[in-house]
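Structure first, commentary second.
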Amino acid sequence: MTDQTLTLNEAKPVPVLPDAQTVTSITHHNDWLFSFRVTRPQSLRFRSGEFVMIGLMGDPHPETGKQKPLLRAYSIASPSWDEELEFYSIKVQDGPLTSKLQHIQVGDEIILRPKPVGTLVLDALLPGNRMYFICTGTGIAPFASLIRDPELYEKYDEVILAHTCRYESELKYGADLVASLADDPLIGEFVGDKLKYYATTTRENSPRMGRVTDLLRNGTIAKEFDLPPMNKDTDRLMVCGSMALNLDVKDICETAGMTEGSNSMPGEFVVEKAFVGEGVTENFD
Ligand code: FAD
Ligand code: A2P
């Protein structure tokens, strides 16, 4: 793991990109995952769990030489109260954006469109007692935001963060974050013993193995924390992963009689894609 950090007063003073923000720190977690922090636009308000469009300028057009912003959706991984914005990113070697974004350095600028949106927000759920965050891969990013938000612990007695990845090195960002919360001077007292973390791998031996969906269905996670079976009156779920994961957890929820929520119509569970599938692009602007 490698780290770079910058104090804010060292940041470049003059933005040269549209909606430019300056990179203040970068951590590479393994060959295909990194996280970074950027300055936060003063006017940007968001709800923990939302996503924004970020990116870099694309290559110059071969004939006109004009450059257009190359933007992708990214969950904000930091909580709504944080002075900076944090992102947790995949490195896709031939990905138009992340093939370049993975090489950013402290002091560089990225583009950040200040229009946060998303369904993984506390407002999209009906009141409940127990919150399940279910995620795979970089789908942990919106929950990295929410588990640092005091409002989560004011609204819920218990929070279960269940994260499945192929390999152990992919769990490190989440595991380190969870471990840091108990002693965090700002959020520690809200977290207390409410946050329960269950991380598994599927393609490498680790202390806990298996797909989160199987472990939910067969009651392994509930048993680990001495929780009752999933119940629509008390339990709420937020889901963020591949399309397959999202559909499977949606099925588990609907089988338990839960309805999907949205910003306009809160329900018992909410779902968001952690990325768009092979060969598909989505325009959120
Ligand atoms: P793209 O052309 O966008 O993707 C190439 C291929 O790589 C995709 O077809 C897919 O198969 C795979 N891929 C893309 N992103 C991922 C990923 N995150 N995990 C596994 N495989 C992937 N990405 C993040 O890294 N962190 C986030 O917080 C994040 N939040 C998102 C929130 C939303 C609502 C959506 C829709 C997507 C999010 N993404 C996130 C995916 C992100 O928008 C880009 O797809 C990703 O940065 C790769 O960009 P690219 O241009 O390099 O490759
Ligand atoms: P597996 O290794 O058994 O495929 P991916 O990189 O394909 O998005 O997968 C990330 C992690 O999510 C992997 O551990 C993968 O397990 C797991 N996963 C993929 N699809 C599902 C699903 N439908 N339900 C539960 N876990 C899934």
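General observations
- The range 214-244, subset crowded, with 22+ Cβ neighbours inside 10 Å and farther than 27 Å from ARG166 by Cβ, residue farthest from the chain's Cα centre (by Cα): ASP235
- Among the candidates PRO62, PRO69, residue that is in contact (Cβ under 8 Å) with a residue 40 or more places away in the chain, over 21 Å from the mean Cα position of the chain (by Cα) and more than 17 Å from ILE26 (Cβ to Cβ): PRO69
- Scanning the range 61-88 for residues that are assigned to a loop (DSSP other than H, G, I, E, B) and of a type in the set (Lys, Arg), we see that the one that is farthest from ligand 1 (Cβ to nearest atom) is LYS66.
- Only one entry of GLY241, GLY277 meets the criterion of being at pLDDT below 95, under 16 Å from ALA73 (Cβ atoms) and among the small types (Gly, Ala, Ser), and that entry is GLY277.
- Subset tally (residues that are crowded, with 22+ Cβ neighbours inside 10 Å and within 16 Å of ligand 2 (Cβ to nearest atom)) for the range 71-120: 3
- Scanning the range 249-275 for residues that are touching a residue at least 12 places away in the same chain (Cβ under 8 Å) and part of a loop (DSSP other than H, G, I, E, B) returns ALA256, GLY257, MET258, GLY261, SER262, ASN263, PRO266, GLU268, ALA274, PHE275.
- A single entry from LEU247, LEU195, LEU186 fulfils the requirement of being surrounded by 15 or more Cβ atoms within 10 Å (Cβ to Cβ) and either over 30 Å from GLY55 (Cβ atoms) or assigned by TED's automatic domain parsing to the domain that holds SER145 (or both): LEU195.
The values are calculated or read from the model by the stated rules, or taken from the named source; none is laboratory data. Note that this is a predicted model, so its numbers are computed, not measured. With ideal geometry, Cβ positions are generated from the backbone for all residues, glycine too; neighbour counts draw on all protein chains shown.
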